[in-house]
Structures are given as structure tokens and as C-alpha cells.
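One structure, pasted below without further comment.
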Amino acid sequence: MSANSADGTAPVDVVLVKAGRTKIRYPAQLLADDGTRIAVRAPWAGDAVRDFGFVRFEAGDVFTEYYWRDRWYSVKEVRDAAGEVKGWYCDIARPATLSGTELVVEDLDLDLWRSADGRDVRRLDEDEFAASGLTESDPEAAAAAVAALDTLETLAHGDHFTDLLA
């Protein structure tokens, strides 16, 4: 899809790939595509409540998701059914590709959470990343993933985190 072609109502399928297999596929609405950053909105796509202990994703939650073609992460703003921001869930992933109506993202296991008030910033799934073998099989991608997580963590501790989404 070319830059500025989003009309705010175009349907897309978000396809999250992990270790070469589709982990999840869900429908979303394309909000914007400027040629570098793609924004979509989708309801919580899980079958059940996902309780992380520090946040719950559940029916009624709405995710506004930002993907980049030139960055190794995505940022998902999570709002509850009443529209209140719960926080931002960030996936470390290879740069996104949008082909036709399929937005494909390859998850690299590392994640970051930032609460709505910015007080809780936590790195997630570093054990899964270590166990994935990416450091051995694709050291350049592993280095890019770790650098992306470090960058996001620095941004998440700052006052201008949401500037990523503006």
C-alpha cells in the first residue's frame, strides 16, 4: 500500500509470525500508512483473558498498534472498554511488511511494557529470547533486537514516549 493511501476504514489482517509459523492472525482497521509507519486498530484478539499480573488484556480492550517498516519494534496502545489507557505493550520484531491487506510482523520474543502513568516499565521474555537461538542463527538480527529493546526502554522512561505515536 502506498503512502497516504489509508482511508481509516480499510480492513487488514495482522499476521504475527514466530519461528517461521503464524502465531496469530486477526482483523484490524488500517488507520494510517505514511510509507514508513503503519497504524491499525483492533479489539483484543485473544480467546480469553490474559493476565500478566501487572495488566490484564480482556474482551472490550482496544489496541491501537503502530508498526514501522524501518524499526525493529511495534508499539501497541491498550485501552479498556471505557477508553482509558492501560498502557503500551511493545513487541520487538523485524520491520513490518504490508502486502495487499496483510500486515506481517515477525516476533523476536523480546517485549516491553509501559504503564499508563509511566511508572512501570519492564522488559519481558528475555528468557524466551535467549532460548530462541537467534543469537546463534542470526547474530545481526539478535543484536538489532536487543538494541531496539534498549531504545524502547530508554524512551519509555522518558517524558516523550508517546511522541512515537504522534
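The values are calculated or read from the model by the stated rules, or taken from the named source; none is laboratory data. In this text the structure is predicted, and so the values were computed from the model without any measurement. Please note: Cβ atoms are built from the backbone with ideal geometry, for glycine as well, and neighbour counts cover all protein chains shown. These area figures cover heavy atoms from the full protein model, side chains too; ligands, DNA and RNA do not enter into them. Shrake-Rupley method; radii C 1.70, N 1.55, O 1.52, S 1.80 Å.
A quick yes/no check of all residues on (1) exposed (fewer than 13 other Cβ atoms within 10 Å of the Cβ); (2) more than 16 Å from the chain's Cα centre (by Cα):
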site: Ser132; (1), (2): no, yes
site: Ala142; (1), (2): no, yes
site: Ala145; (1), (2): no, no
site: Ala156; (1), (2): no, no
site: His160; (1), (2): yes, yes
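When Lys18 is evaluated against the numbered criteria (1) surrounded by 15 or more Cβ atoms within 10 Å (Cβ to Cβ); (2) at pLDDT 95 or above, which criterion, by number, is the only one it fails?
(2)
Where in the stretch 87-166 are there helices (runs of 4 or more DSSP H), lying wholly inside it, with at least 3 residues that are under 23 Å from Phe57 (Cβ atoms)?
126-132, 139-157
Can you pull out every residue in the stretch 10-22 that is in a strand (DSSP E or B) and touching a residue at least 60 places away in the same chain (Cβ under 8 Å)? Give the steps one after another, and end with the answer.
Of the stretch 10-22, the ones in a strand (DSSP E or B) are 10-18, 21-22.
Result: Ala10, Pro11, Val12, Asp13, Val14, Val15, Leu16, Val17, Lys18.
Now, a different point. Only residues that are open to solvent by less than 60 Å² (accessible area, probe 1.4 Å) and among the charged types (D, E, K, R): list them for the stretch 87-102, please.
Asp91, the sole residue that qualifies.
Let me ask you something else. Does the stretch 24-33 include one or more residues that are aliphatic (A, V, I, L, M), under 20 Å from Arg122 (Cβ atoms) and at pLDDT below 95?
No, every residue in the stretch 24-33 fails to be aliphatic (A, V, I, L, M), under 20 Å from Arg122 (Cβ atoms) and at pLDDT below 95.
Search the stretch 44-65 for residues being open to solvent by 40 Å² or more (accessible area, probe 1.4 Å) and in a strand (DSSP E or B), and hand back the single one that is nearest to Arg114 (Cα to Cα).
The qualifying residue nearest to Arg114 (Cα to Cα) is Arg56.
Could you tell me which of the residues Arg25, Arg71 is in a strand (DSSP E or B), open to solvent by 60 Å² or more (accessible area, probe 1.4 Å) and under 16 Å from Val105 (Cβ atoms)?
Working: Arg71 fails: in a strand (DSSP E or B).
Criteria check complete, one pass: Arg25.
Okay, next question. Sort out which residues of the stretch 28-38 are charged (D, E, K, R) and assigned to a loop (DSSP other than H, G, I, E, B), and write them in order of number.
The one that is charged (D, E, K, R) and assigned to a loop (DSSP other than H, G, I, E, B): Asp34.
Something else: Looking at Glu84, Glu77 in this structure, which one is open to solvent by less than 60 Å² (accessible area, probe 1.4 Å) and either among the charged types (D, E, K, R) or modelled with pLDDT of 95 or more (or both)?
None of the other options fit; the residue is Glu77.
Take Arg41 and tell me if it is part of a loop (DSSP other than H, G, I, E, B), modelled with pLDDT of 95 or more, surrounded by 12 or more Cβ atoms within 10 Å (Cβ to Cβ) and not hydrophobic (A, V, I, L, M, F, W, C).
For Arg41, the condition - part of a loop (DSSP other than H, G, I, E, B), modelled with pLDDT of 95 or more, surrounded by 12 or more Cβ atoms within 10 Å (Cβ to Cβ) and not hydrophobic (A, V, I, L, M, F, W, C) - is not met.
In the stretch 39-68, which residues are without any contact (Cβ under 8 Å) to a residue 40 or more places away in the chain and of a type in the set (Asp, Glu)?
Result: Asp47, Asp51, Glu58, Asp61.
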